[in-house]
Number of protein chains: 2
Amino acid sequence: MPDPLRIAIAGLGTVGAGTLRLLSKHDDLLAARAGRPLTVTAISARDKSKDRGVQLDNLTWFDDPVAMAHEAEADVIVELIGGEDGPAKAVCEAALAAGRHIVTANKALMAVHGSELADAAEQAGAVLNFEAAVAGGIPIVKALREGLAGNEITRVYGILNGTCNYILTKMREERRSFEDVLDEAQRLGYAEAEPSMDVDGIDAGQKLALLASLAFGSRIDFSGVYTEGIRRISLLDIDYAEELGYRIKLLGSARRTEYGLEQRVYPCMVDQRFPIAHVEGAYNAVVAIGDFVGDTMFQGLGAGAGPTASAVVADIIDIARNHRAPTLGISAGSLQSLPAAPIGRHWGAYYVRLMVSDRPGVIADVTAVFRDEAVSIESMIQRARSETEAVPVVLNMHECEEAAMQRALTRIATLDSVVEAPTMIRIESLA
Amino acid sequence: MPDPLRIAIAGLGTVGAGTLRLLSKHDDLLAARAGRPLTVTAISARDKSKDRGVQLDNLTWFDDPVAMAHEAEADVIVELIGGEDGPAKAVCEAALAAGRHIVTANKALMAVHGSELADAAEQAGAVLNFEAAVAGGIPIVKALREGLAGNEITRVYGILNGTCNYILTKMREERRSFEDVLDEAQRLGYAEAEPSMDVDGIDAGQKLALLASLAFGSRIDFSGVYTEGIRRISLLDIDYAEELGYRIKLLGSARRTEYGLEQRVYPCMVDQRFPIAHVEGAYNAVVAIGDFVGDTMFQGLGAGAGPTASAVVADIIDIARNHRAPTLGISAGSLQSLPAAPIGRHWGAYYVRLMVSDRPGVIADVTAVFRDEAVSIESMIQRARSETEAVPVVLNMHECEEAAMQRALTRIATLDSVVEAPTMIRIESLA
């Protein structure tokens, strides 16, 4: 048996403890698969005394993870600290300076500094793997970098945040409001006390920026991701979506267009005939479309100790097997800088819900605005009638350019008979 | 730029021509991803003069693929001839004897001789890759061998034959019979003139045997696969399935049980709440369940020139990058021989449809038989009434052992009032 691969782990939160547990539980199986033992030699975390339910004896403890990255007897440094700067970044830089390989689960770090780190890894002759940073246990980084490497990827999109998908699923299945489900998710520990990273689409945007780079050979451009979250999604819209044959999902989607690299995260209506519409609860799913392979979809749990540890350990096994794929699919120096396509150039169909005073002339006013902007209506639902309360009018709009739709909605919002800001949800074309 | 990887291709049918087209169309992209050019140097097929729409100049032509495997200036031999023995096998043996790597799309060859070939490749220090042999463009071999390698896999199952899935989808969507859709598929070239490999589940069984070996570290055991095809599926059963919240799919499923390795291909009822129920048309999908990662699903086109070429080229890129994972996930010498679990030990729920003469006492007779075999009925549908024609009675049976179900059905078939052989379709538990 060849020499063991020596592993030092920085960060012992849920994922770090899960990774230790996996490495210990499956040590024989992993050695058989990797062709050599995987041995944890060193560890660093904030509090040595905390009980994490894992054995830390025989491991060299470092209070300072950066010192560990330099000094530990290790071939691989596993960065599970998190955060886009600070110690996580310092650990990676120290590891590369010492010529060690890196495995990280840190999407924030990679979304902001990934291109530079990939470059540094290449210079150092080291591997930088980050499977766990995108869609948890789903081996989608490997799929884009290796399994689909024969293709020009024309589009990549997916459900990239399990918390949002869980909330949307619960809202629909249990007929509850966004706030109500979020409250419960926070009580149960499925959502953070400060939920913005999840529900405002930031976490999904970080993952999308990594997927786009892998798919299109472009430098990671997190700042170019257009982001809308799910706070504004109401049960009413979820019901209308079902009636119209759609399901509302928070999708991240990227493609190259004539206007540049399109990277977008927003809640949208997905045709129920597509399998991704049926990806529910905490599951993530990524669709990659290649010019030879066609549509491929990868689904699994996007977070949690087990799925994330699974991805971290797969990255470690690759290093043990001496697999060296470029971090972002091609040499970091060859990554292109692409301009961000403006959201105003988005082209697609739209669902629009207006709350209106139910009196003569309302529809005429609304349709006149759409006519002026050359945006055409495919169908309209107005069912409820009331002399006292606002009633919903739902419009399915034909495909048009987003800028025209936004101009129309701005004008419609000012109509006297329209009593709430209009709700607009994009109808996503997946074909 | 390092030396090119030199490739010799044996077999220029649809897949061979597609692979040549891909390698030519994306030559710069592939070189960037592989870190070196991929250069086809030699080719062998039956008819040199046939126009395949691809450029063959500058390639060394061999009439004899075995001679090519020995003599061509090549690092990799790509075997796209097909067939479980004959020239395909001889080409692989010759390539390994000459110390060349192999990429094959040949599921029949791998299902029957894969363990021995993996062993021979290991002895020769060569790579044997076969991504294209399982589920076309879906990188599921890589997922099991690498992306999910941190897990003990507890089950793998999927829709492994696109022709069957296409037929079942068309039957349901267009309300047509099996024979009718098969006829059309044959006219359009989607199904073979001799359709048995597809519709009798043999092709799916070959793929399942490969998936099971990768998942469980066992020697490939194609002869241990229990197989039923879709010829007996009627529109009537498809309609009842929909009504009961199921969809009928031809699934291949493998897991380790106390009775041995369970490898089964049969049409079954799949709960519509699972995304795999919505995988339609020519798509394949594979679900792998790991103890850390949980459920993962991989979906894509399972056949055709483009998807298959995508998988073949991914395998070639891995070789160009010098990635050397063991063919079947672990060293071939370590693969276990597992006994085949008998189908009589299957445990699950069942859908049973009887065609009966509508007269008093029929239901009493049927239910008495089930009672005698200790098999209990969950629900029953008898809707149609007729004094002259047989009417369907549909029974949803609680979970029981298959042997008891089969004994009951054998007895029920002999009842006077039961006028056709009973239809039994397993209700597959996916949770």
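The values are calculated or read from the model by the stated rules, or taken from the named source; none is laboratory data. Treat the numbers as computed from the prediction; the structure is a model and nothing was measured. Glycine also receives a Cβ, built like all others from the backbone with ideal geometry; neighbour counts cover every protein chain displayed.
Which numbered condition trips up A:H278, out of (1) surrounded by fewer than 24 Cβ atoms within 10 Å (Cβ to Cβ); (2) in contact with an Asp or Glu (Cβ under 6 Å, 6 or more places away or on another chain); (3) facing chain B (nearest Cβ under 10 Å)?
So A:H278 meets the others, but not (2).
With the requirement that a residue be within 23 Å of A:G136 (Cα to Cα) and in contact with a helix residue (DSSP H, G or I) (Cβ under 8 Å, 6 or more places away or on another chain), what does the stretch B:292-313 give you? Outline the logic, then answer.
So in the stretch B:292-313, the residues within 23 Å of A:G136 (Cα to Cα) come out as B:292-300.
Matches in the stretch B:292-313: B:F292, B:V293, B:G294, B:T296, B:M297, B:F298, B:Q299, B:G300.
Kindly provide the set of residues from the stretch A:288-305 that are of a type in the set (A, V, I, L, M) and not in a loop (DSSP other than H, G, I, E, B), ordered by number.
To start, the set of residues in the stretch A:288-305 that are of a type in the set (A, V, I, L, M) comprises A:288-289, A:293, A:297, A:301, A:303, A:305.
Matches in the stretch A:288-305: A:A288, A:I289, A:M297, A:L301, A:A305.
Only one of A:V362, A:V265, A:V312, A:V293 is in contact with a Ser or Thr (Cβ under 6 Å, 6 or more places away or on another chain), surrounded by 23 or more Cβ atoms within 10 Å (Cβ to Cβ) and either away from chain B (no Cβ under 11 Å) or acidic (D, E) (or both); which?
Details: A:V362 fails: surrounded by 23 or more Cβ atoms within 10 Å (Cβ to Cβ); A:V312 fails: either away from chain B (no Cβ under 11 Å) or acidic (D, E) (or both); A:V293 fails: either away from chain B (no Cβ under 11 Å) or acidic (D, E) (or both).
Going through A:V362, A:V265, A:V312, A:V293 in turn, just one is in contact with a Ser or Thr (Cβ under 6 Å, 6 or more places away or on another chain), surrounded by 23 or more Cβ atoms within 10 Å (Cβ to Cβ) and either away from chain B (no Cβ under 11 Å) or acidic (D, E) (or both): A:V265.
Does any residue of the stretch A:306-316 turn out to be within 15 Å of B:F298 (Cβ to Cβ) and assigned to a strand (DSSP E or B)?
no
Could you tell me whether the stretch B:336-352 includes any residue that is at pLDDT 95 or above and within 14 Å of chain A (Cβ to nearest Cβ)? If you could, list the steps in order and put the result at the bottom.
Quick first cut of the stretch B:336-352, residues at pLDDT 95 or above only: B:336-352.
Right, trim to within 14 Å of chain A (Cβ to nearest Cβ) and you get B:336.
There is at least one residue in the stretch B:336-352 that is at pLDDT 95 or above and within 14 Å of chain A (Cβ to nearest Cβ).
Among the candidates B:Q299, B:Q272, single out the residue that is touching a Phe, Trp or Tyr at 6+ places or on another chain (Cβ under 9 Å), buried (at least 24 other Cβ atoms within 10 Å of the Cβ) and within 14 Å of chain A (Cβ to nearest Cβ).
Values: B:Q272 fails: buried (at least 24 other Cβ atoms within 10 Å of the Cβ).
It is B:Q299.
Since A:E84 meets every condition but one in (1) at pLDDT below 95; (2) assigned to a helix (DSSP H, G or I), which condition does it not meet?
(2)
When the stretch B:156-211 is examined, which residues are found to be small (G, A, S) and in contact with a Leu (Cβ under 9 Å, 6 or more places away or on another chain)? Spell out how you get there, then give the answer.
Initial filter on the stretch B:156-211 (small (G, A, S)): B:158, B:162, B:177, B:185, B:189, B:191, B:193, B:196, B:201, B:204-205, B:209.
If the condition is that a residue be small (G, A, S) and in contact with a Leu (Cβ under 9 Å, 6 or more places away or on another chain), then B:G158, B:G162, B:S177, B:A191, B:G201, B:A204, B:G205 are the ones that fit.
Among the candidates B:V391, B:V362, B:V366, which residue alone is among the β-branched types (V, I, T), in contact with a Lys or Arg (Cβ under 7 Å, 6 or more places away or on another chain) and over 21 Å from B:Q272 (Cβ atoms)?
Values: B:V362 fails: in contact with a Lys or Arg (Cβ under 7 Å, 6 or more places away or on another chain); B:V366 fails: in contact with a Lys or Arg (Cβ under 7 Å, 6 or more places away or on another chain).
One residue alone meets the criteria, B:V391.
Would you mention how many residues in the stretch A:15-40 are free of Cβ contacts under 8 Å to residues at least 40 places away in the same chain and part of a helix (DSSP H, G or I)?
Residues flagged as free of Cβ contacts under 8 Å to residues at least 40 places away in the same chain and part of a helix (DSSP H, G or I) within the stretch A:15-40 amount to 8.
Tell me which residues, restricted to the stretch A:240-283, are within 13 Å of A:Y351 (Cα to Cα), assigned to a strand (DSSP E or B) and over 14 Å from the mean Cα position of the chain (by Cα). So that I can check it myself, show each step before the final result.
Taking the stretch A:240-283 and keeping what is within 13 Å of A:Y351 (Cα to Cα), we get A:240-248, A:267-271.
Checking which are assigned to a strand (DSSP E or B) leaves us with A:246-248, A:267-271.
Those that are within 13 Å of A:Y351 (Cα to Cα), assigned to a strand (DSSP E or B) and over 14 Å from the mean Cα position of the chain (by Cα): A:Y246, A:R247, A:I248, A:C268, A:M269, A:V270, A:D271.
Is it the case that some residue within the stretch A:121-132 is in contact (Cβ under 8 Å) with a residue 40 or more places away in the chain, within 13 Å of chain B (Cβ to nearest Cβ), under 30 Å from A:T257 (Cβ atoms) and surrounded by fewer than 24 Cβ atoms within 10 Å (Cβ to Cβ)?
Checking the stretch A:121-132: at least one residue is in contact (Cβ under 8 Å) with a residue 40 or more places away in the chain, within 13 Å of chain B (Cβ to nearest Cβ), under 30 Å from A:T257 (Cβ atoms) and surrounded by fewer than 24 Cβ atoms within 10 Å (Cβ to Cβ).
Exactly one of these conditions fails for B:L12: (1) surrounded by fewer than 17 Cβ atoms within 10 Å (Cβ to Cβ); (2) in a loop (DSSP other than H, G, I, E, B). Give me its number.
Going through (1) surrounded by fewer than 17 Cβ atoms within 10 Å (Cβ to Cβ); (2) in a loop (DSSP other than H, G, I, E, B) one by one, B:L12 breaks only (1).
Name every residue in the stretch A:101-125 that is touching a helix residue (DSSP H, G or I) at 6+ places or on another chain (Cβ under 7 Å) and part of a loop (DSSP other than H, G, I, E, B), in order of residue number. Give the derivation first.
At the first step, the residues of the stretch A:101-125 found to be touching a helix residue (DSSP H, G or I) at 6+ places or on another chain (Cβ under 7 Å) are A:101-115, A:117-122, A:124.
Residues satisfying the conditions are A:A105, A:N106.
I need every pair where a residue in the stretch A:164-185 that is free of Cβ contacts under 8 Å to residues at least 60 places away in the same chain has its Cβ under 8 Å from the Cβ of a residue that is among the hydrophobic types (A, V, I, L, M, F, W, C) and assigned to a loop (DSSP other than H, G, I, E, B), sequence separation at least 6 or different chains.
A:F178/A:I230; A:F178/A:I233; A:L182/A:A191; A:A185/A:A191
Please find, among B:E373, B:E401, the residue that is touching a residue at least 40 places away in the same chain (Cβ under 8 Å), surrounded by 15 or more Cβ atoms within 10 Å (Cβ to Cβ) and within 35 Å of the chain's Cα centre (by Cα).
Working: B:E373 fails: touching a residue at least 40 places away in the same chain (Cβ under 8 Å).
That would be B:E401, the only listed residue that is touching a residue at least 40 places away in the same chain (Cβ under 8 Å), surrounded by 15 or more Cβ atoms within 10 Å (Cβ to Cβ) and within 35 Å of the chain's Cα centre (by Cα).
Would you point out which residue out of B:H70, B:H26 is away from chain A (no Cβ under 13 Å) and either buried (at least 23 other Cβ atoms within 10 Å of the Cβ) or not polar (S, T, N, Q) (or both)? Even if it seems obvious, please write down each step before you answer.
Working: B:H26 fails: away from chain A (no Cβ under 13 Å).
It is B:H70.
Count, please, the residues in the stretch B:28-68 that happen to be in contact with a Lys or Arg (Cβ under 7 Å, 6 or more places away or on another chain), among the hydrophobic types (A, V, I, L, M, F, W, C) and closer than 27 Å to A:E146 by Cβ.
Here is the first cut: in the stretch B:28-68, the ones in contact with a Lys or Arg (Cβ under 7 Å, 6 or more places away or on another chain) are B:34-35, B:39, B:41, B:54, B:61.
From the residues that got through so far, the ones that are among the hydrophobic types (A, V, I, L, M, F, W, C) too are B:34, B:54, B:61.
Adding the requirement that they be closer than 27 Å to A:E146 by Cβ leaves B:34, B:54.
Selection size over the stretch B:28-68: 2.
Is there a residue being out of contact with any strand residue (DSSP E or B) (no Cβ under 9 Å at 6 or more places or on another chain), of a type in the set (D, E), in the same structural domain as B:G224 (by TED's automatic domain parsing) and surrounded by fewer than 24 Cβ atoms within 10 Å (Cβ to Cβ) anywhere in the stretch B:161-178?
Yes, the stretch B:161-178 has at least one match.
Taking into account only those residues within the stretch A:404-429 that are within 28 Å of A:S253 (Cβ to Cβ) and without any contact (Cβ under 8 Å) to a residue 24 or more places away in the chain, which is farthest from the chain's Cα centre (by Cα)?
A:A413
Would you mind stating whether A:V394 is surrounded by 17 or more Cβ atoms within 10 Å (Cβ to Cβ), at negative phi and not hydroxyl-bearing (S, T, Y)? Explain how you work it out, then say what you get.
Details: surrounded by 17 or more Cβ atoms within 10 Å (Cβ to Cβ): yes; at negative phi: yes; not hydroxyl-bearing (S, T, Y): yes.
Answer is yes for this residue.
Of the numbered conditions (1) part of a strand (DSSP E or B); (2) more than 14 Å from chain B (Cβ to nearest Cβ); (3) more than 15 Å from the chain's Cα centre (by Cα), A:D237 satisfies every one except a single condition; which is it?
Tallying (1) part of a strand (DSSP E or B); (2) more than 14 Å from chain B (Cβ to nearest Cβ); (3) more than 15 Å from the chain's Cα centre (by Cα), A:D237 fails exactly one: (1).
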